[in-house]
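Peer 1: Below are the structure tokens for one structure; questions will follow.
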């Protein structure tokens, strides 16, 4: 069994070399070809002097070379840093400087946009350019991706506790943090997810989400672990996803709530809808109305509602057979993880009592890159461990408030920094948003807390209308008054022109919405 990330590809290449592994537009690689490309990338990086655990950033849209570069870094013994392709030059430069990247893999057009910002990246020496002729950049060795390949070099020895990747969070508060993941973290995650999703080599998984997002990268690792095919896609419109699902005979699809809301409103061809075996949601609560629409659209697909955080990859999932009984639950611990709900002193909460979600096990990451203070805040000794253990086991204290029922199922209440404190109460934005989603009038909804002299915070709800439907904010407010206690009724409901803004991982950007409200 694979112990290192790149071995997920190499093992399947030995067992089933001719099986399709990776698809991008007209390019199709089987596992033998993919393993050869990864090996060539690893040899090229070693030939360029890559040291063990040295960071290599990959700033590309999804394409074949994006995947072979990242897994090639892993095979060479380095640490890959996937950079979201929608980030701007200054944001990219911040990441490169923060983790001392020496080698950057990008495209010619992206490099031209970065050229000025890269002048401050003093550790950066080599740029590998995929595709077009590489432009010259003063002070940097700029090489073509294909021209850098070579054979016969010795790779660094790596064990599963070594660093494999640094994934940067979206930075909703302050600068983004680099979450350091080991080979053990990433391989354990692939095995765990494939187990509960019941993935097989017959699956065809559509990779829609950014590969810089742990949930997005998981589509690759899960596919490669079982020998399935991963289909890469850089979509412009939700309708493109429908077309790709039909063309590529997709059986597994993962998305975040804002995207699911849009996909649920589209007409799906019977073949594509009927072929889908499962769909997954993470990155926030899926509105119940959206879940209902999706289940009606995909008659043969099992829904998996999940909860995760980059610091521990994935924590819980709700089995499909439990969705009708408890559709608002985030489920129970995924395989090979333990999830606890604790009070501030670390003692376990009683059933139904809100507390902090704490995750322990092999998925707990190695902390934040070069940030002792933030690491100490989030990574702390696991509660309720045996007193005789001389060394503390680190767990992730999520900062998220949840509750657990008598049967051990978990229910998300709110992220600590999203709770709205109004009239002496703590209000979860999700509770307010769900009422508005249930009316069927809203396409997207976000509730935020705005400073208020008397209430502490006033609840303001921002709503984008469903395509083709007029939105009546008075009717929405009337529905809120009827279904919510007084302290939870919004002070205001605002109509937002177009879709709500997203952060780089595709989630609704609440901080930006709040800033827009405060700044008029």
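The values are calculated or read from the model by the stated rules, or taken from the named source; none is laboratory data. Small disclaimer: the values here were computed from a predicted structure and weren't measured. Virtual Cβ from ideal backbone geometry, glycine too; neighbours counted across all protein chains shown.
Peer 1: Return the residue satisfying two criteria in turn: it lies in the stretch 109-136 and is at pLDDT below 90 and more than 26 Å from residue 6 (Cα to Cα), and of such residues it is surrounded by the most Cβ atoms within 10 Å (Cβ to Cβ).
Peer 2: Only one residue fits best here, namely 134.
Peer 1: So, one more: Specify which of the listed residues (93, 69) is out of contact with any strand residue (DSSP E or B) (no Cβ under 8 Å at 6 or more places or on another chain) and assigned to a helix (DSSP H, G or I).
Peer 2: Going through 93, 69 in turn, the sole match is 93.
Peer 1: For residue 69, state whether it is crowded, with 22+ Cβ neighbours inside 10 Å and within 20 Å of the chain's Cα centre (by Cα).
Peer 2: yes
Peer 1: Is it the case, given these coordinates, that residue 57 is touching a residue at least 12 places away in the same chain (Cβ under 8 Å), part of a strand (DSSP E or B) and touching a helix residue (DSSP H, G or I) at 6+ places or on another chain (Cβ under 7 Å)?
Peer 2: Here the answer is yes, as residue 57 does meet what is asked.
Peer 1: Same structure, new question: From 445, 435, which residue is assigned by TED's automatic domain parsing to the domain that holds residue 513, touching a residue at least 12 places away in the same chain (Cβ under 8 Å), in contact with a helix residue (DSSP H, G or I) (Cβ under 6 Å, 6 or more places away or on another chain) and in a helix (DSSP H, G or I)?
Peer 2: After ruling out the rest, the residue left standing is 435.
Peer 1: Follow-up. Do you know which of the residues in the stretch 22-50 that are free of Cβ contacts under 8 Å to residues at least 24 places away in the same chain and assigned to a helix (DSSP H, G or I) is nearest to residue 76 (Cα to Cα)?
Peer 2: 36
Peer 1: Another question, then. If residue 327 meets every condition in (1) in a loop (DSSP other than H, G, I, E, B); (2) out of contact with any strand residue (DSSP E or B) (no Cβ under 8 Å at 6 or more places or on another chain); (3) free of Cβ contacts under 8 Å to residues at least 40 places away in the same chain apart from one, which number is that one?
Peer 2: Answer for residue 327: the failing condition is (2).
Peer 1: Here is a further query. Conditions: (1) modelled with pLDDT of 95 or more; (2) closer than 24 Å to residue 187 by Cα; (3) part of a loop (DSSP other than H, G, I, E, B). Residue 300 meets all but one. Number of the miss?
Peer 2: (2)
Peer 1: Return yes when residue 62 is touching a residue at least 40 places away in the same chain (Cβ under 8 Å) and farther than 15 Å from residue 180 by Cα and no when it is not.
Peer 2: Numbers: touching a residue at least 40 places away in the same chain (Cβ under 8 Å): yes; farther than 15 Å from residue 180 by Cα: yes.
For residue 62, the condition - touching a residue at least 40 places away in the same chain (Cβ under 8 Å) and farther than 15 Å from residue 180 by Cα - is met.
Peer 1: In addition: Take the residues of the stretch 359-374 that are outside any loop (DSSP other than H, G, I, E, B) and within 19 Å of the chain's Cα centre (by Cα): which is farthest from residue 339 (Cα to Cα)?
Peer 2: At the first step, the residues of the stretch 359-374 found to be outside any loop (DSSP other than H, G, I, E, B) are 359-361, 368, 372-374.
Retained after the next criterion (residues that are within 19 Å of the chain's Cα centre (by Cα)): 359, 368.
Details: 359: 5, 368: 21 Å.
Within the stretch 359-374, the match that is farthest from residue 339 (Cα to Cα) is 368.
Peer 1: Taking the residues in the stretch 337-350 that are in a loop (DSSP other than H, G, I, E, B) and touching a strand residue (DSSP E or B) at 6+ places or on another chain (Cβ under 6 Å) as candidates, determine which candidate is surrounded by the fewest Cβ atoms within 10 Å (Cβ to Cβ).
Peer 2: 343
Peer 1: Just give me the residues in the stretch 229-249 being crowded, with 23+ Cβ neighbours inside 10 Å and more than 20 Å from the chain's Cα centre (by Cα), in sequence order.
Peer 2: Within the stretch 229-249, just 245 meets the criteria.
Peer 1: Within the set of pairs 6+ apart or on separate chains, which have a first residue in the stretch 120-140 that is more than 24 Å from residue 63 (Cα to Cα), a second that is assigned to a strand (DSSP E or B), and C-beta atoms under 6 Å apart?
Peer 2: As it stands, the answer is 140/127, since those pairs meet every condition given.
Peer 1: Would you pick out the residues in the stretch 461-478 that are touching a helix residue (DSSP H, G or I) at 6+ places or on another chain (Cβ under 8 Å) and either modelled with pLDDT under 90 or surrounded by fewer than 17 Cβ atoms within 10 Å (Cβ to Cβ) (or both)? I'd like the intermediate steps shown before the answer.
Peer 2: Just the residues of the stretch 461-478 that are touching a helix residue (DSSP H, G or I) at 6+ places or on another chain (Cβ under 8 Å), to begin with: 461-463, 476.
Hits for the stretch 461-478: nothing passes.
Peer 1: Out of 259, 253, which single residue is free of Cβ contacts under 8 Å to residues at least 60 places away in the same chain and under 18 Å from the mean Cα position of the chain (by Cα)?
Peer 2: Of 259, 253, the one residue that is free of Cβ contacts under 8 Å to residues at least 60 places away in the same chain and under 18 Å from the mean Cα position of the chain (by Cα) is 253.
Peer 1: Now, a different point. Determine which member of the set 171, 152, 139 is at pLDDT 85 or above, out of contact with any helix residue (DSSP H, G or I) (no Cβ under 6 Å at 6 or more places or on another chain), on the phi > 0 side of the Ramachandran plot and assigned to a loop (DSSP other than H, G, I, E, B). Write out each step before concluding.
Peer 2: Numbers: 171 fails: at pLDDT 85 or above; 152 fails: at pLDDT 85 or above.
Result: 139 is the single residue among 171, 152, 139 that is at pLDDT 85 or above, out of contact with any helix residue (DSSP H, G or I) (no Cβ under 6 Å at 6 or more places or on another chain), on the phi > 0 side of the Ramachandran plot and assigned to a loop (DSSP other than H, G, I, E, B).
Peer 1: Further question: Within the stretch 11-21, track down each residue that is touching a residue at least 40 places away in the same chain (Cβ under 8 Å) and in contact with a helix residue (DSSP H, G or I) (Cβ under 7 Å, 6 or more places away or on another chain).
Peer 2: 12, 16, 19, 21
Peer 1: So, one more: State all residues of the stretch 406-432 that are in a loop (DSSP other than H, G, I, E, B) and either within 20 Å of residue 485 (Cβ to Cβ) or modelled with pLDDT of 85 or more (or both); if no residue qualifies, say none.
Peer 2: Within the stretch 406-432, the subset in a loop (DSSP other than H, G, I, E, B) is 406-409, 416-419, 423-424, 428.
Scanning the stretch 406-432 gives 406, 407, 408, 409, 418, 419, 423, 424, 428.
Peer 1: Follow-up. Looking at the stretch 211-243 only, could you name the residues that are out of contact with any strand residue (DSSP E or B) (no Cβ under 8 Å at 6 or more places or on another chain) and closer than 22 Å to residue 316 by Cβ?
Peer 2: Selection gives 221, 225, 226.
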